[in-house]
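Below: the structure, in structure tokens.
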Amino acid sequence: MKTINVMIAGIGGQGLVMTTEFICQAAFLEGYDIKSNDVIGLAQRGGRVWGSVRIGEKIQSPNIPEGEGDLLLGIEPMEALRWQESMKSEAKMVLNRHLVYPTNVQQEQEAYPQDEIQHMLESFDSLELDALMEARKCGNEKAANTLMVGCVSHFLPISEESWMEAIRRTYPEKVREVNEKAWKKGRDLAKEAEFI
């Protein structure tokens with residue numbers, strides 16, 4: 001199988017590390033080789049963070065080569081924008097439209113790049129949604145990332161059984177049910193939007 005490269009972009013405190021772990025668990029359960037990175041640096045809450053997951057038969061490095069990204073999960077839109085050059089022209093993107101303004105935007109030193117984000121959405125095969133609101137409907141807005149993974153799960157050769165087992169292995173028991181529901185909701189939303 002050809003290597004699949006997944007990029008996840010967000011800010012500290014949005015659950016990026018657990019999201020990366022969830023995708024890795026599902027791919028591992030399906031029998032693939034995986035390598036992943038989580039770059040959180042010193043800005044663990046509110047600062048830019050990103051992660052990568054590479055899935056295939058034999059993966060040598062967790063780093064996605066420039067221009068080789070297949071899937072982009074934009075947990076925060078401006079952070080996704082930073083990674084658009086890393087994606088293939090035919091890449092798929094799921095973008096959470098919930099904005100988190102960085103300090104320089106809050107202090108009116110810089111404008112939030114709305115036009116650039118819109119152009120990015122038009123440049124890729126994209127699904128934009130309010131993941132927090134959709135996850136809230138499932139019972140907990142903290143399941144937003146799991147819902148977004150459900151949206152892109154159509155493009156990963158991983159069975160639903162492995163995804164469900166990965167949820168059981170990744171998330172604490174008290175939030176497993178809501179994460180299962182959110183993942184399935186994301187999968188359905190992608191179908192409804194004809195994203196797949």
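Among what's in segment 181-196 and is in a helix (DSSP H, G or I) and over 16 Å from the mean Cα position of the chain (by Cα), pick the residue that is surrounded by the fewest Cβ atoms within 10 Å (Cβ to Cβ).
Going residue by residue through segment 181-196, those that are in a helix (DSSP H, G or I) are 181-192.
Then drop every residue that is not over 16 Å from the mean Cα position of the chain (by Cα), which leaves 181, 188, 191-192.
On the way: 181: 19, 188: 13, 191: 12, 192: 10.
Only one residue fits best here, namely 192.
Being at pLDDT below 95 and within 16 Å of residue 20 (Cα to Cα) narrows it down to one of 108, 165, 76, so name that one. Break it down into steps so the answer makes sense when it comes.
Values: 108 fails: within 16 Å of residue 20 (Cα to Cα); 165 fails: at pLDDT below 95.
After ruling out the rest, the residue left standing is 76.
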- Message: Looking only at segment 79-124, how many residues end up being of a type in the set (Asp, Glu), closer than 24 Å to residue 13 by Cα and exposed (fewer than 15 other Cβ atoms within 10 Å of the Cβ)?
- Response: 2
- Message: Just to check your reading of the model, which residue among 99, 121, 71 is assigned to a strand (DSSP E or B), among the aliphatic types (A, V, I, L, M) and under 16 Å from the mean Cα position of the chain (by Cα)?
- Response: 71
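Restricted to segment 140-180, and to residues that are surrounded by 15 or more Cβ atoms within 10 Å (Cβ to Cβ), of a type outside the set (A, V, I, L, M, F, W, C) and more than 17 Å from the chain's Cα centre (by Cα), which residue is farthest from residue 4 (Cα to Cα)?
Of segment 140-180, the ones surrounded by 15 or more Cβ atoms within 10 Å (Cβ to Cβ) are 140-153, 155-156, 158, 162-167, 170-171, 175-180.
From the residues that got through so far, the ones that are of a type outside the set (A, V, I, L, M, F, W, C) too are 140-142, 145-146, 150, 153, 162, 165, 170-171, 176-177, 179-180.
Retained after the next criterion (residues that are more than 17 Å from the chain's Cα centre (by Cα)): 140, 162, 165, 176-177.
On the way: 140: 29, 162: 17, 165: 21, 176: 26, 177: 28 Å.
It comes out as 140.
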- Message: Among the listed residues 85, 90, identify the single one that is of a type in the set (Asp, Glu), modelled with pLDDT of 90 or more and part of a strand (DSSP E or B).
- Response: 90
- Over segment 134-174, the set of residues touching a residue at least 60 places away in the same chain (Cβ under 8 Å) and not in a helix (DSSP H, G or I) is 156, 157, 158, 159, 171
- Please give the number of the condition residue 28 fails out of (1) buried (at least 22 other Cβ atoms within 10 Å of the Cβ); (2) over 14 Å from the mean Cα position of the chain (by Cα); (3) not small (Gly, Ala, Ser). (1)
- Message: Between a residue in segment 57-74 that is farther than 15 Å from residue 123 by Cα and any residue that is loosely packed, with under 11 Cβ neighbours inside 10 Å, which pairs come within a Cβ distance under 8 Å, given they are 6 or more apart or on different chains?
- Response: 57/1; 66/85
- Tell me, yes or no, whether segment 39-51 has at least one residue that is within 20 Å of residue 155 (Cα to Cα), assigned to a strand (DSSP E or B) and modelled with pLDDT of 95 or more. no
- Please name all residue pairs, on different chains or six or more residues apart, with Cβ atoms under 6 Å, provided the first residue is in segment 10-37 and is among the small types (Gly, Ala, Ser) and the second residue is assigned to a helix (DSSP H, G or I). 10/16; 10/79; 15/145; 26/162; 26/163; 26/166; 36/20; 36/24
- Message: Please go through (1) surrounded by fewer than 18 Cβ atoms within 10 Å (Cβ to Cβ); (2) on the phi < 0 side of the Ramachandran plot for residue 67 and return the number of the only condition it doesn't satisfy.
- Response: (2)
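The values are calculated or read from the model by the stated rules, or taken from the named source; none is laboratory data. This structure is a prediction, so every number in the text was calculated from the model and none was measured. Cβ sites come from the backbone with ideal geometry, for glycine too, and all protein chains shown count toward neighbours.
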